[in-house]
Amino acid sequence: MRAIGIEHFGDTPTLKEVPIPEPGGGEVQVAVEAASTNPLDLAIASGALASLGEYRFPLTLGMDGAGIVTAIGDGVTEFGVGDRVFGQFWGRPLRSGTFAEVAVVQAVPAFGALAHVPDGLPSGAAAALPTAGMTALGAIDAMRVPEGGTLAILGATGGVGTFAVQAAAARGVRVIATVSAQVAEAVRDLGATEIVERGAEPLDRALRRLAPDGVDAILDTVGDRSLTSSVAGAVRDGGALLSIAFGLDERLLADERIRAADYRLDRKPERLAELARLATAGTIRPVIGATLSLEEAPRALAGGIEFTGMRGKTVLQVR
């Protein structure tokens, strides 16, 4: 079968022919219909997460995916052959990811989450949901912005940002989004109340203008420490500054005036179930900036895709 993988940490991901993986005890085999890319994929390939989890080489990459269960191992009761499933396929050990025609994962992944695809949700949309969507929901929970409060999102057009705009707006939160001028209206359509166009004015000044008493929270999806340092003063006393991209320096992390932290995704099965409910209700939808073939995955991972609109999620259509 075709798969995108590496032989060693640090290798450039390439398309290979590899044997079809078979499920062991507690595992399911999935015919992958669609997958989506995340920064997490490159972090794993580089070896940056070598100390987190276990890996077996040759390693097929890909965390997020959706497809049909084609076989189950001994002891699996959560799923049956023919079920449509989606999730973050992060098992222990990780060896058979979603950038492939067939993947194998634990029915209850050690580090991820797996669930039934909601009725009527296309596989491409389901594959785009897990990691970015779960991260957005978790970050919003961690910031504890009250209904009617104000949340500023730095980098609102990426995978996490587009989900965060929708999820926060659905909770009655006023969303200030930083975006480029050409996608401003599209982000408004997702639920942003106010738009700060990048480069139009200093961001800290814009936030103070739009929220003179301070914003309740800022969510950083960019990872620019100079930027987060410059806007921290716009957060009200006791408010939150959260980064999903390790965008906070030591001074901010030690700041006792606000709650500043780097967020690490938690409670994944619970958050995946919530995503399924929100997607079924139409409360959130994945913004898919590009749909590519499996063969194009290495180019996508290397940042070789140009986006004419919002970046959102990149989906690989496998079947």
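The values are calculated or read from the model by the stated rules, or taken from the named source; none is laboratory data. These numbers come from a predicted model, not from an experiment. Note: ideal-geometry Cβ built from the backbone for every residue, glycine included; neighbour counts use all protein chains shown.
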Check your understanding: Quick one: ARG225 ticks every box in (1) closer than 21 Å to ALA167 by Cα; (2) among the charged types (D, E, K, R); (3) in contact (Cβ under 8 Å) with a residue 24 or more places away in the chain bar one, so which box is it?
Key -> (1)
Practice item. Report yes if ALA200 is aliphatic (A, V, I, L, M) and either under 21 Å from SER36 (Cα atoms) or touching a Gly at 6+ places or on another chain (Cβ under 7 Å) (or both), otherwise no. Key: no
Exercise for review: Kindly indicate whether ALA240 is assigned by TED's automatic domain parsing to the domain that holds ALA139, aliphatic (A, V, I, L, M) and within 26 Å of MET134 (Cβ to Cβ).
Suggested key: yes
Review point. Among the charged types (D, E, K, R) and not in a loop (DSSP other than H, G, I, E, B) - does that describe any residue in segment 304-311?
Key: no
Practice item. Among the candidates THR162, THR193, single out the residue that is among the polar types (S, T, N, Q), closer than 23 Å to ARG277 by Cβ and not assigned by TED's automatic domain parsing to the domain that holds ALA125. Key: THR162
**Study point:** Test set (1) part of a loop (DSSP other than H, G, I, E, B); (2) in contact with a strand residue (DSSP E or B) (Cβ under 7 Å, 6 or more places away or on another chain); (3) touching a residue at least 24 places away in the same chain (Cβ under 8 Å); (4) not small (Gly, Ala, Ser) - VAL104 fails condition number
**Key:** (1)
Check your understanding: Name the pairs whose Cβ atoms lie under 7 Å apart, with the first residue in segment 153-164 and touching a residue at least 24 places away in the same chain (Cβ under 8 Å), the second basic (Lys, Arg) and buried (at least 24 other Cβ atoms within 10 Å of the Cβ), and 6 or more positions between them or separate chains?
Key -> GLY159/LYS313
Exercise for review: Can you give me the ranges of the strands (runs of 3 or more DSSP E) entirely in segment 1-61 with at least 2 residues that are farther than 26 Å from PRO122 by Cα and within 24 Å of the chain's Cα centre (by Cα)?
Suggested key: 55-60
